[in-house]
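Working notes, structure below.
The values are calculated or read from the model by the stated rules, or taken from the named source; none is laboratory data. All figures in this text were calculated on a predicted structure; none of them were measured in a lab. As a convention, Cβ positions derive from the backbone with ideal geometry for all residues, glycine included, and neighbour counts pool all protein chains shown. These area figures cover heavy atoms from the full protein model, side chains too; ligands, DNA and RNA do not enter into them. Shrake-Rupley method; radii C 1.70, N 1.55, O 1.52, S 1.80 Å.
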Amino acid sequence: MTALTSSPSEQAGPPPVRRKRNRGGVSPALQADHNWVRSIGVFILWAVVVLFIAMLVWIVLQAFRDTHAILESPWGLPTSFNFDNFATAWNVSGFALATLNSILTTAVSSFVCVAVAAPAAYYLSRVENRLTDGLSLYFILGLGIPAQVILIPLFVMLDKVHLTNSLIGLNLVYIGLSLPFTVFLLTAFFRSLPLEMEEAAALDGASALRTFVQVTLPLAKGGILTAFVLLVVGSWNETLLALTLLQSSDKYTLPVALISFVQQQTYSGADWGGLFAGLCIVILPMLVIYIWLGRRLTEGLTLGMGK
Amino acid sequence: MSASTLKRTRRNPAPALKPEQGRGGSSIERQRRKLLVPFVGPAFLFYTVLFIVPAIAAVWISLNEWAGSGPMTFVGFKNYIQVFQDPLFVKSFGNTLLLLFVVGAAIFILAFAMTLVLRDMAAKKIARNVIFFPHLINALVFGILAGFIFNPGGMVNSLLKPLGVTEPPAWLAQDNIFPLIMATMVLTTTGYFTTIIMAGVDRIPPYFYEDCALAGATALQRLRYVILPLTWDVFGTCAVLWTISSVKIFEIIWVFGGSSGAGLPPTQTWSVAVYTYVTAFSGMSTPAYGAATASAIISLALVTVLVVLLRRAMRRDAIEF
């Protein structure tokens, strides 16, 4: 190289290109290639980002306006922050009870599901033999079965034991339905934990049960929380089973209440103000959870993919 | 990262433990094995009673004619034949396939493109977090909003008016709703898959890119020889995830554009899940549990076949890095 460049014929060539200053300290190999396809991509991406945020803000703002004003000018801003829509949705349209039902169902089913799945996942991750392989496969099987397959038999079964139109029944269904995913996720998580601490505990004479409760569980707090949050999101939004299993409006969860609210509107005229308030009640808890525990959510969704 | 390390920790100790296990294992191993029933038992019971038993029952119900109460009559595969002769089901099945393949392809191409754009963009975390968020919202919300945005006096038309569009298309006409649903699905699901694919791309150690730069590879070559092979397994997983979730699509169709109005969404938009629900629980006609379950089992068969095919097609030697 040096020999070549210093040869007289080459020296007459163009002056060496000056290298651009490396800003930001990122190695050139990792920097973006700047071309127009990319620029368009970046532009579209930001457009979508802005659209989503604007949409969310818009929904919240419209919830503070009355239906007449919303229909008059959908782009308008609320003139004052009155909570009339929320009050109506809350008291008249039954969203209060539905919210309570949703919170109850979500909390109970998510908690029980994690409590039941964690020991099973621990066992499946620590003991390796043909039986546990089979059991793991048995649990994974459920991941591929769409909910509508078991919809009708579940309805019939629960009807036999008088658990349709009951939140207990819905809780049970949610637990059973979420188990495959939770076991799967937690098994992957327990496998990623180091074994040394458990071995040390065993050497100190702790029983296997004690090792699990006092050593592994505290270590696995993060993974268990992740599983819990994912279950909360899933149950909060579940619609098909709730719609099938709940018949009286005092048992409705939020999605079902929302559907029935939409259907009432076709008879009583659209109450968009109330509807936007209802949408806010459905969306905002998820937003809070996302802002609070967002990292766990995305991590959990990608960790469960080890298979 | 998680995937490869998981596999490794799992594979390596196994041969070392083999001889020990033959003799009954170490004391902690033996103790642990005793925990089978208390640890796995409850989960096994819940899962079997609430998931596997109904699934098996579903197969049985699909072979019978049954109105929910009263006697069941065994009819063999008649329900399946009947369902496939029902133009409503054929339409629903076609819609589900459209969602699965067309929406799926769009999501994948967009998600991968977004990943490549996001990979070295400023503020990529913020952008990624925002486009992921719709995944956490009930699809009902989008369906309801669509009714507001696209209705004749709604937002889209009020935006189009100044642009000189005096006769905007009838967005919510029965035939136009399904394409709108597909577009909405693409818009709201892409972010989720972008996040997953990005996690796969982020796993690739940076020295590979540096290597590419040193070797003078173009962006396209880098994509072809580094990024794609190393994220192949992530793509496989995403494809399986989408297959499973796309046959369940129900809520958004149920309320899209306020279409459920009097009770049922227009039949042009039905998916198999909607067909199953309506056939069993609509209250408009005698419930046909057998046919409804048969339609659900068909969707299960679709998932099974596709997942098996996908695993076949996507199988490559895992690249450890």
Next on the checklist: Can you confirm whether residue A:134 is of a type in the set (Gly, Ala, Ser), open to solvent by less than 20 Å² (accessible area, probe 1.4 Å), part of a helix (DSSP H, G or I) and outside the structural domain of residue A:62 (by TED's automatic domain parsing)?
Outcome noted: no
All conditions in (1) open to solvent by 10 Å² or more (accessible area, probe 1.4 Å); (2) touching a Gly at 6+ places or on another chain (Cβ under 9 Å); (3) within 12 Å of another protein chain (Cβ to nearest Cβ) are true of residue A:84 except (3)
- [ ] Test residue A:151 against the criterion of being in contact (Cβ under 8 Å) with a residue 24 or more places away in the chain, within 18 Å of the chain's Cα centre (by Cα) and within 11 Å of chain B (Cβ to nearest Cβ), and give yes or no.
- [x] no
The number of residues in the range B:201-253 that are open to solvent by 40 Å² or more (accessible area, probe 1.4 Å), within 11 Å of chain A (Cβ to nearest Cβ) and among the hydroxyl-bearing types (Ser, Thr, Tyr) is 3
Mind checking whether some residue in the range B:222-238 is under 25 Å from residue B:88 (Cα atoms) and at pLDDT 85 or above?
no
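Rundown of residues vs (1) open to solvent by less than 80 Å² (accessible area, probe 1.4 Å); (2) within 30 Å of residue A:286 (Cβ to Cβ); (3) without any contact (Cβ under 8 Å) to a residue 24 or more places away in the chain, yes/no style:
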{"site": "B:34", "(1), (2), (3)": "no, no, yes"}
{"site": "B:50", "(1), (2), (3)": "yes, yes, yes"}
{"site": "B:70", "(1), (2), (3)": "yes, no, yes"}
{"site": "B:89", "(1), (2), (3)": "yes, no, no"}
Taking the condition open to solvent by less than 80 Å² (accessible area, probe 1.4 Å) and under 23 Å from the mean Cα position of the chain (by Cα), does residue A:127 pass? no
Flag if residue B:155 is within 26 Å of residue B:138 (Cβ to Cβ), modelled with pLDDT of 85 or more, aliphatic (A, V, I, L, M) and assigned by TED's automatic domain parsing to the domain that holds residue B:137
no
Conditions (1) modelled with pLDDT of 70 or more; (2) at the interface with another protein chain (Cβ under 9 Å from one of its Cβ atoms) -> residue B:65 fails only (2)
Of those in the range A:205-260 that are aliphatic (A, V, I, L, M), open to solvent by less than 10 Å² (accessible area, probe 1.4 Å) and more than 28 Å from residue B:254 (Cβ to Cβ), the residue nearest to the other protein chains (Cβ to nearest Cβ) is A:208
Reported set for the range A:79-124 where residues are part of a helix (DSSP H, G or I) and among the hydroxyl-bearing types (Ser, Thr, Tyr) is A:88, A:99, A:102, A:105, A:106, A:109, A:110, A:122, A:123
Counting only residues in the range B:173-191 that are open to solvent by 50 Å² or more (accessible area, probe 1.4 Å) and of a type outside the set (Asp, Glu), the one farthest from residue B:147 (Cα to Cα) is identified as B:187
Quick one: would you say residue A:110 is farther than 16 Å from residue A:249 by Cα, buried (at least 18 other Cβ atoms within 10 Å of the Cβ), among the polar types (S, T, N, Q) and touching a Phe, Trp or Tyr at 6+ places or on another chain (Cβ under 6 Å)? yes
Given the conditions (1) at positive phi; (2) touching a residue at least 24 places away in the same chain (Cβ under 8 Å), every one holds for residue A:205 apart from (2)
Flagged in the range A:93-114 as in contact (Cβ under 8 Å) with a residue 60 or more places away in the chain and over 18 Å from residue A:226 (Cα atoms), in numbering order, are A:93, A:94, A:95, A:97, A:98, A:99, A:101, A:102, A:104, A:105
Result of the Cβ filter at 6 Å on the range A:233-244, keeping first residues that are under 17 Å from residue A:260 (Cβ atoms) and partners that are of a type outside the set (Phe, Trp, Tyr) and open to solvent by 20 Å² or more (accessible area, probe 1.4 Å), at least 6 apart or interchain, is A:239/B:251
Output for Cβ contacts, cut-off 6 Å, separation at least six or different chains, first residue within 12 Å of chain A (Cβ to nearest Cβ) in the range B:155-171, second at pLDDT below 75, reads B:155/A:74; B:157/B:168
Exactly one of B:113, B:106 is facing chain A (nearest Cβ under 9 Å), among the small types (Gly, Ala, Ser) and either surrounded by fewer than 20 Cβ atoms within 10 Å (Cβ to Cβ) or not in a helix (DSSP H, G or I) (or both), and that one is B:113
The residue from A:140, A:145 that alone is at the interface with another protein chain (Cβ under 9 Å from one of its Cβ atoms), open to solvent by 10 Å² or more (accessible area, probe 1.4 Å) and either within 19 Å of residue A:251 (Cβ to Cβ) or of a type in the set (A, V, I, L, M, F, W, C) (or both) is A:145
